[in-house]
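Chemist: Below is one structure. I have some questions about it.
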Amino acid sequence: MDYQEILEDIYQAIQPYAKEGKQADYIPELAKVNPDQFGMCINTIYGETASVGAADTRFSIQSISKVLSLAMCLSIKGDSLWERIGKEPSGTAFNSLVQLEIEKGIPRNPFINAGAIVMADLLLTHLENPEDDFLRFVRAVAGNDTIDYNRDVAASERSCGYLNAAIANMLKYHKTIDNDIERVLQFYFLMCSIEMSCRELSLAFMAFANHRRKFDYAGIILTPSQVKRINAILQTCGFYDEAGEFAYLVGLPGKSGVGGGIAAIYPLQYAVAVWSPRLNSKGNSVMGIKALELLTSQTKESIF
Ligand code: GLN
């Protein structure tokens, strides 16, 4: 398979969608990003790599960080994690409050904001230096020590994070989180603020694509079965209320973020990351989804 040629074809084919959608502007710092950018990078378990566009430009990974916090929480808590968070698709927006109220403060899954805020709380409880430990893990899994938080983005999100604050308050009322609400929110926003490029993200997601490789990064250890289960949750919950559409169009487990990034895996074959800031109404990258749909259509490779 000539992935370089395929990616170059895709890059051409998605151009008609270049102005569709709009970047996230509810986080003031993200509103400053040039929306007309696109990058894509694929890495196979055989060591092949291909990329197009701004594959080396770093962007705010936002909710893609939830996959990494899930890996950490599962390694630390094992199956007892599921006493606090469910693993069913939500069918609701990433920042929805309604379901959380009805279900008495137990988030449907780790990839909606409520679930990730609970994971932030667990990490605060269990880690000695949560900020340093999370960053060390991300750097180890991506094999790159220059990856960092963007504290301006985190502070900017906190300054208008009313909905996430409401979610955290609801969780606290139901005793699903233990730590101080403000501390939990700050740490949640900080994890979302990590910046990585498509190349770095796709290399990081190789750890999930190849569950037969030992998962042991900065002391965070998962069994092959735990890695496969993270992939199952990616498949069912990675795109919120668009998870069905993403499965239908693309057919790979993946995770999106409002920075416009998507990371997806084809188990035992490859990890791919794509980035373009313009989002659809569900908060997922328009060109990103289109590019991945073309990738699995052209290669005739998907999990289905
Ligand atoms: N930090 C963002 C938020 O909480 C993450 C959302 C996302 O990427 N879908 O709203």
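Chemist: For the stretch 191-298, just say rounded, prolate or oblate: build the C-alpha gyration tensor, square-root its eigenvalues into a ≥ b ≥ c, call rounded for a/c under 1.5, and beyond that prolate if a/b exceeds b/c, oblate if not. Mind showing how you got there, number by number?
Modeler: Working: a/c = 1.75, a/b = 1.45, b/c = 1.21.
Judged from the Cα gyration tensor, the stretch 191-298 comes out prolate (a/c at least 1.5, a/b above b/c).
Chemist: Quick check on the chain: take the gyration tensor over C-alpha atoms, sort the square-rooted eigenvalues as a ≥ b ≥ c, and tell me if it's rounded (a/c under 1.5), prolate or oblate.
Modeler: Values: a/c = 1.56, a/b = 1.34, b/c = 1.17.
Note, shape of the chain comes out prolate.
Chemist: Now for a different question. How much length would be gained if the chain were fully extended between Glu182 and Ser281, taking 0.36 nm per residue of separation minus their Cα-Cα distance, in nm to one decimal?
Modeler: On the way: separation 99, 0.36 × 99 = 35.64 nm, distance 2.88 nm.
Using 0.36 nm per residue and subtracting the Cα-Cα distance, I get 32.8 nm.
Chemist: Pairs of lysines 8 or more apart, or on different chains, with alpha carbons under 24 Å: count those in the stretch 143-293, would you? Kindly include the intermediate steps, with their values, before the conclusion.
Modeler: Working: Lys214/Lys228; Lys214/Lys255; Lys228/Lys255; Lys255/Lys282; Lys255/Lys290; Lys282/Lys290.
Taking the Cα cut-off of 24 Å, the pair count is 6.
Chemist: Output the 0 to 90 degree angle, nearest 10, between the alpha-carbon long axis of helix 113-126 and the longest principal axis computed from the alpha carbons of the chain.
Modeler: 60
Chemist: Then there is this: Loop only per DSSP, at most 11 neighbouring Cβ atoms within 10 Å: give me the trypsin sites (Lys or Arg not before Pro) in the stretch 80-138, ordered by residue number.
Modeler: Numbers: sites: Arg84, Lys87, Lys104, Arg108, Arg136; in loops: Arg84, Lys87, Lys104, Arg108.
Answer in residue order: Lys104.
Chemist: Shifting gears a bit: Rounded to a whole number, what % of the accessible area of the stretch 249-304 do carbon and sulfur atoms account for, probe 1.4 Å? Walk me through the numbers on the way to the answer.
Modeler: Details: 720 of 1400 Å².
Reported share for carbon and sulfur atoms: 52 percent.
Chemist: Same structure, new question: If I measure Cβ to Cβ between cysteines in the chain, which ones have no partner under 4.7 Å?
Modeler: Here Cys73, Cys160, Cys192, Cys237 come out as lacking a disulfide-compatible partner, given the Cβ-Cβ threshold of under 4.7 Å.
Chemist: Excluding ligands, DNA and RNA, what is the solvent-accessible area per residue of the chain at a probe of 1.4 Å, expressed in Å²?
Modeler: On the way: 12010 Å² over 304 residues.
Result: 40 Å² per residue.
Chemist: Can you list residues from other chains, or at least 5 along the same chain, whose modelled amide H is less than 5 Å from the amide H of Ile177?
Modeler: Long-range HN contacts for Ile177: Lys172.
Chemist: Rank these residues by their accessible area, most exposed first, probe 1.4 Å: Trp275, Trp82. Numbers along the way, then the final one.
Modeler: Details: Trp275 5, Trp82 55 Å².
Sorted descending by solvent-accessible area, the residues read Trp82, Trp275.
Chemist: In whole Hz and in residue order, list the ³J(HN,Hα) couplings for the stretch 241-251 that follow from phi through the Karplus curve 6.51 cos²θ - 1.76 cosθ + 1.60, θ = phi - 60°; x for Gly and Pro.
Modeler: Per residue, the Karplus-derived 3J(HN,Hα) values read 7, 10, 4, x, 5, 5, 5, 5, 7, 10, x Hz.
Chemist: Turning to a different aspect of this structure: So, how do all the Cα-to-Cα distances of the stretch 16-99 break down into 5 Å bins, in percent, from 0 on up?
Modeler: Answer for the stretch 16-99: a P(r) of 3, 9, 12, 16, 18, 15, 15, 9, 3, 0 percent.
Chemist: For the stretch 4-25 and the stretch 70-111, what is the centre-to-centre distance using only Cα atoms, to the nearest Å?
Modeler: 32
Chemist: Another one. What is the helix-to-structure angle for 3-13, meaning the angle in degrees between its Cα long axis and the longest Cα principal axis of the chain, kept from 0 to 90 and rounded to the nearest 10?
Modeler: 90
Chemist: Taking the Cα centre of the chain as the origin and placing charges on Cβ (Lys, Arg +1; Asp, Glu -1), which of Gly259, Ile233, Val286 is farthest toward the positive end of the dipole?
Modeler: Value: Ile233.
Chemist: May I pose another question? Could you grab the relative contact order for the stretch 34-170? Cα pairs under 8 Å, six or more apart, rounded to a whole percent.
Modeler: Values: 116 pairs, mean separation 25.8, N = 137.
Relative contact order of the stretch 34-170: 19 percent.
Chemist: Can you tally the net charge around Arg158? Count Lys and Arg as +1, Asp and Glu as -1, for every other residue whose Cβ sits under 12 Å from the Cβ of Arg158.
Modeler: Summing Lys and Arg as +1 and Asp and Glu as -1 gives -2.
Chemist: Please report the spacing between the Cα centers of the stretch 121-198 and the stretch 224-262 in Å, no decimals.
Modeler: Here the two parts' Cα centres lie 21 Å apart.
Chemist: Sum up the charges of everything whose Cβ sits under 10 Å from the Cβ of Lys282, counting Lys and Arg as +1 and Asp and Glu as -1, but leave Lys282 out. Mind dumping the intermediate values first?
Modeler: Numbers: positive: none; negative: Asp241, Glu242, Glu245.
Computed value for this residue: -3.
Chemist: Can you give the relative contact order of the chain as a percent, counting alpha carbon pairs under 8 Å and 6+ residues apart? Intermediate results must be reported in sequence, preceding the final value.
Modeler: Numbers: 625 pairs, mean separation 86.4, N = 304.
Answer for the chain is 28 percent.
Chemist: Count charges around Ala263 for me, please; just the other residues with Cβ under 12 Å from its Cβ, Lys/Arg as +1, Asp/Glu as -1. Show your work: numbers first, answer last.
Modeler: Values: positive: Lys66, Arg199, Lys255; negative: Glu200.
Summing Lys and Arg as +1 and Asp and Glu as -1 gives +2.
Chemist: Continuing with this model, one more query. Classify the stretch 188-232 from the C-alpha gyration tensor, please: rounded if a/c falls under 1.5, else prolate or oblate depending on whether a/b exceeds b/c.
Modeler: Values: a/c = 1.94, a/b = 1.58, b/c = 1.23.
The shape class here is prolate.
Chemist: Right, next: Just need the relative contact order of the stretch 231-277 here, percent rounded to a whole number, with Cα pairs under 8 Å and 6+ apart. Could the numbers behind the result be given before it?
Modeler: Values: 64 pairs, mean separation 12.9, N = 47.
Once divided by the residue count of the stretch 231-277, the mean separation gives 27 percent.
Chemist: Could you give the length gained by full extension between Phe304 and Ser159, i.e. 0.36 nm per residue of separation minus their alpha carbon distance, to one decimal place? Numbers along the way, then the final one.
Modeler: Values: separation 145, 0.36 × 145 = 52.20 nm, distance 4.26 nm.
Difference between extended and current length: 47.9 nm.
Chemist: When the helix-only estimate is applied to the chain (DSSP H runs of n ≥ 4, each -39,500 (n - 2.57), divided by the residue count), what is the mean residue ellipticity at 222 nm, nearest 500 deg cm²/dmol? Before the final figure, lay out the partial values.
Modeler: Details: 13 runs with 140 residues, N = 304.
The helix-only estimate for the chain comes to -14000 deg cm²/dmol at 222 nm.
The values are calculated or read from the model by the stated rules, or taken from the named source; none is laboratory data. No experiment lies behind these values; they were computed from the predicted model shown. Every residue, glycine as well, gets a Cβ built from its backbone with ideal geometry; the counts of neighbours run over all protein chains shown. When the accessible area is computed, the model is the full protein with side chains, heavy atoms only, and any ligands, DNA or RNA have been set aside. Shrake-Rupley method; radii C 1.70, N 1.55, O 1.52, S 1.80 Å.
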